[in-house]
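The values are calculated or read from the model by the stated rules, or taken from the named source; none is laboratory data. The model shown is predicted, which means the values in this text are computed figures rather than measured ones. Cβ: placed from backbone, ideal geometry, glycine included. Neighbour counts: every protein chain shown. Ligands, DNA and RNA are stripped out before the accessible areas are found, and what is left, the full protein with its side chains, is counted by its heavy atoms. Shrake-Rupley method; radii C 1.70, N 1.55, O 1.52, S 1.80 Å.
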Amino acid sequence: MKNLTLILLFLTTFVGMAQDRLTDNENRFYTNKIPNKTTELKLTGRKDGTDSELLNSKIAALSKAGGGIIQIKKGTYYLIDIILQSNIHIKIDKDVMIEPYFDKNAKKAASNIFEVGKEFLVENVAITNTDEDNENQSTWFSVNFPKGDYRMKIITGCNVRNFKFSGFKITDSYTPFSCIALNLPDSKDRNEVAFGGIVKNILLTNSHVGYGVIQIQAGKSILCKNLEGIGGVTMRVETGSGETGKENVLTVDDIVGRNIKVKNGDAAFNVSPHRVDQGRVDVEGITAINSSFAVQIAAGFKDRKETGVDNIGTFDSRSYIGDITVTGGKGAQVKSKDFIYFDCKERTEMETKCQNPDFESTPGRSIGVVRTNATLASGCKEGSDGGCYEVVIGKITKTNPDFLMPENFTYKNMAVNGCDKTPAKRSDDCLENPKKESSKKQWEPKEGKGKKGKKKGNN
């Protein structure tokens, strides 16, 4: 009887641990507390900064009066540095196109269309399409990032409580930065990070390999749902770089992802703690099609910045990543650091191919399902390779065998050794990397071998 009791206790404990998941009920993350009074704001569509001033003025006045809904109707509008304030819901019609506006004297290095809680606390806010919970993409509004020399985010969220961002389609041009970023506010206070919010129903195309729909550096109790990227890394929970890495204080916890998809990209989901010991993530319903990987799990490490805290980070071992469906094939954005998994012949082919327009990836074929260097099985050694941690991996389904690696998990020790080290040489027909030229110029594709295309000004 005593042995039976112990067995039952063990089984009960095991089942309890197996069911210890973060829930995805939307009511747990956001409650609509915004007054239900709507004001239509007529914007001009002029490319001169007028519409940004009009929208900022309306937001400030309505917030001061207690809040409400600002409706934006059909048109193309050029916006920058819109400061969202408490108790404001911006509803945007499906026939609206938004593009960033740049004053000719403005710095284009890093800008936001919407800024939420960077300088002060913002509560009870939303930026959505008019039919805010409709998953049909035809009901979403559009955002376009034209080709140019800039780094742009649609939304930066910092010291914000109870928020919702949803219902839009972004056409990017391989610009750096994820479209939505949750980060520390200007105060750098770890207690003033985004808390309680939903980011859902978003499609991004033409993404830079290193970025995607959202990156979370600082945020707690955040639900990411129905996010899709064509290119890049759709959902990135990467912390510890920059200001977040200056203290080993948890800035990320209770991060839930559902239905996260990538096509012709690097990965659907990535976690990387850098120097900081972080909390839990729970991501389920991951789909990767013709991409390098579906999931990337990185060990903690000390980046090159000398001012960072003396620590190598981890994520909570109760974290869960599961229900992963992958389809292998050609069209992935392959980073040069992953060339090590190709045999010598194919590696040489990759090194001589024309790069993608982000100039940091090369078109190639799917490598594997999960790439990790964080687990003991991957060879991670605490204090040597970095911060080692385990997460629970759920069901993996492969729809075809078209992967470079037959195994579900890809480790560094699976690299192909013995290949000749030769400098990469790109064809003369490749795009010219504008970073090598004046920041005020863009290159077009060359018209023939050895012939440079004409330079063109920024669009």
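Of all the C-alpha pairs in the range 197-354, what % are more than 21 Å from each other? Above the 21 Å cut-off, the range 197-354 has 47 percent of its Cα pairs. With Cα atoms defining each centre, the range 358-406 and the range 282-338 are spaced 7 Å apart in the structure.
Distance between the modelled labels on N413 and L54, one decimal in nanometres: 6.3 nm (7 Å Cα→Cβ projection).
Find out how many positive minus negative residues lie around P185, taking Lys and Arg as positive, Asp and Glu as negative, among other residues whose Cβ is under 11 Å from that of P185. Cβ neighbours under 11 Å give a net charge of -3. Annotation: amide H of G75 within the under-5 Å range of V96, M97, sequence separation 5 or more or interchain, hydrogens built in the peptide plane.
Where the alpha-carbon atoms of the range 246-300 are placed on the principal axes, they occupy 38, 19, 13 Å, in descending order.
Placing +1 on each Lys and Arg Cβ and -1 on each Asp and Glu Cβ, with no other charges, gives the range 340-436 a dipole about its Cα centre of roughly 60 debye. Shown here: the range 175-272, whose C-alpha atoms stretch 37, 23, 19 Å along the first, second and third principal axes, sorted largest to smallest. In plain terms, the C-alpha convex hull of the chain casts an average shadow of 25.7 nm² when viewed from every direction. Both radii come from the Cα set of the range 191-240: Rg as radius of gyration, Rh as Kirkwood radius; their ratio Rg/Rh reads 1.00. Relative to its Kirkwood radius, the Cα radius of gyration of the range 307-376 gives an Rg/Rh of 1.07.
Relative to its residue count, the range 131-200 spans a Cα convex hull of 90 Å³ per residue.
Backbone amide hydrogens, once placed in the peptide plane, bring V334 within less than 5 Å of T362, G364, excluding anything fewer than 5 places away on its chain.
Between the beta carbons of T399 and E247, assuming R0 = 60 Å, the FRET efficiency works out to 0.85 to the nearest 0.05. Working note: Debye formula, equal point scatterers on the alpha-carbon atoms of the range 244-336, no solvent; log10 I(q)/I(0) at q = 0.21, 0.24 Å⁻¹ is -0.97, -1.08.
Here the gap between S427 and N134, fully extended at 0.36 nm per residue and compared with their Cα-Cα distance, gives a gain of 100.9 nm.
Between the residues T244, S317, N112, the greatest Cα displacement towards the positive end of the dipole of the chain, with unit charges on the Cβ of Lys, Arg, Asp and Glu, is found for N112. Between amide H atoms placed 1.01 Å from N, distances below 5 Å from V252 occur with G219, G279, all of them 5 or more places distant or on a separate chain. Carbon-plus-sulfur accessible fraction, the chain (probe radius 1.4 Å, protein heavy atoms only): 49%. For the chain, adding -39500 (n - 2.57) for each run of n ≥ 4 DSSP H residues and dividing by the number of residues yields -3000 deg cm²/dmol at 222 nm.
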